[in-house]
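Q: I have a structure I would like to understand better, so I am pasting it below and will then ask my questions one at a time.
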Amino acid sequence: MRMRKLTAVVLLTLMVLAPVTPAFAVSKEIIQLQTQVQDLADRMLKMQQSFDERMGVMRNLVEQSTDNVNKLADGVQNMQRTLQQQNTDTQAKIDQVSGQIQTLNDSIDELKARLTKTSKQLEDIQAQQQNLQQQQAQPVAPGTVAPGQVMPGAAPQAMVQAPPADSLYNNALRDYNAARYDLALQQFQDYLRYYPTTDLAGNAQFYIADMEYRAGSFEAAVADFDKVLEQFPGGNKAAASQLKKGYSLLELGRKDAGVRELNSLINRYPRSIEATQARERLRKLGAATATGAHSSTHRTPR
């Protein structure tokens, strides 16, 4: 625009001065000057047009770049949402697989207990048969009572008989899986009272602690998970007990103790599903995952 105005001013000046000068005074130099001025005006006009075109191209490039940046930002946000959803789904699948593995371990333990009980029953039957054979082979003196018999008129001795171990445990586990926690708690406690040294005693203790954890009784849960770790350290519920103990400590607001417990679990059982869950919980807490030797004790000061 400035170039156009300047050109117009120059042409107007020449037109005003032209009549004043005599026709014969118009020299070749003036004509050349007018030609150069016109040529300069044409060039400036072309430059202005080229500048406008380039500015338009640059404006289009800026708009395209802005659109690409916006699309890229949307893509990054979508990817972040997808990754978060995948992490959530993965954690849910890990929890589900962990529960399935625990159920499978319980079934294996129940099968072992049943086999042990069957073997014991066979041994008892064989022993009873041998005793009967020996009793039948020995003569009984008049007025005496053979072993296993009751004197006529004598009242039988009252005995409190415990329910069968496998039936008691299976009923408790069935009530636990059906969320009938009151019944399951009583039955697991009865199992520990009658059968405190069986292979399934550690599982019963774990489920008691787990029901306390589910009910929000975290102090009691910590104490009972400690019983599993101390009384049944080689049981298949040791890793799960340490994991839930760490969770209970975190729920109680004892973050440092909970983090130490989870790190101890990772060091003791680095390839277990419980270790994977512990790492994920530590990541959410922003806590470091230890890689040193595991702790030698499980009891947490209370």
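Coordinate-derived values only; no laboratory data. Everything numeric in this text was worked out from a predicted model, so none of it was measured. Because the Cβ atoms are built from the backbone with ideal geometry, glycine has one as well, and the counts that use them run over all protein chains shown.
Q: Once you place label points 7 Å from the Cα toward the Cβ at Leu111 and Glu251, how far apart are they in nm?
A: 3.2
Q: Given Lys245/Lys284; Lys237/Lys284; Lys93/Lys255, which pairs have Cα atoms separated by over 19 Å? Write out the running numbers ahead of the final one.
A: Numbers: Lys245/Lys284 17 Å; Lys237/Lys284 24 Å; Lys93/Lys255 26 Å.
Beyond 19 Å between Cα atoms: Lys237/Lys284; Lys93/Lys255.
Q: Then there is this: Between segment 196-238 and segment 27-46, what is the C-alpha centre distance in whole Å?
A: Measuring centre to centre over Cα atoms gives 103 Å.
Q: Still on this structure, please answer the following. Work out the FRET efficiency for Gln38 and Thr66 from their Cβ-Cβ distance, taking R0 = 41 Å, and round it to the nearest 0.05. Provide the component values of the computation, followed by the final result.
A: Values: r = 42 Å, r/R0 = 1.03.
For Gln38 and Thr66, the calculated efficiency is 0.45.
Q: Scan segment 198-287 for trypsin sites (Lys or Arg not before Pro) in coil per DSSP, keeping those whose Cβ has at most 11 other Cβ atoms within 10 Å, and list them by number.
A: Details: sites: Arg214, Lys227, Lys237, Lys244, Lys245, Arg254, Lys255, Arg260, Arg268, Arg271, Arg279, Arg281, Arg283, Lys284; in loops: Lys237, Arg254, Arg271.
The qualifying sites are Arg271.
Q: Please work out how much length the chain gains when fully extended from Gln91 to Leu104, using 0.36 nm per residue of separation minus the C-alpha to C-alpha distance, in nm with one decimal. It would help to have the intermediate numbers written out before the result.
A: Numbers: separation 13, 0.36 × 13 = 4.68 nm, distance 1.98 nm.
Length gained, Gln91 through Leu104: 2.7 nm.
Q: Here is a further query. Please go through segment 230-275 and write out the GluC sites (Glu not before Pro) that DSSP classes as loop and that have at most 13 other C-beta atoms within 10 Å.
A: On the way: sites: Glu230, Glu251, Glu261, Glu274; in loops: none.
Those that pass, being in a loop and sparsely packed, number zero.
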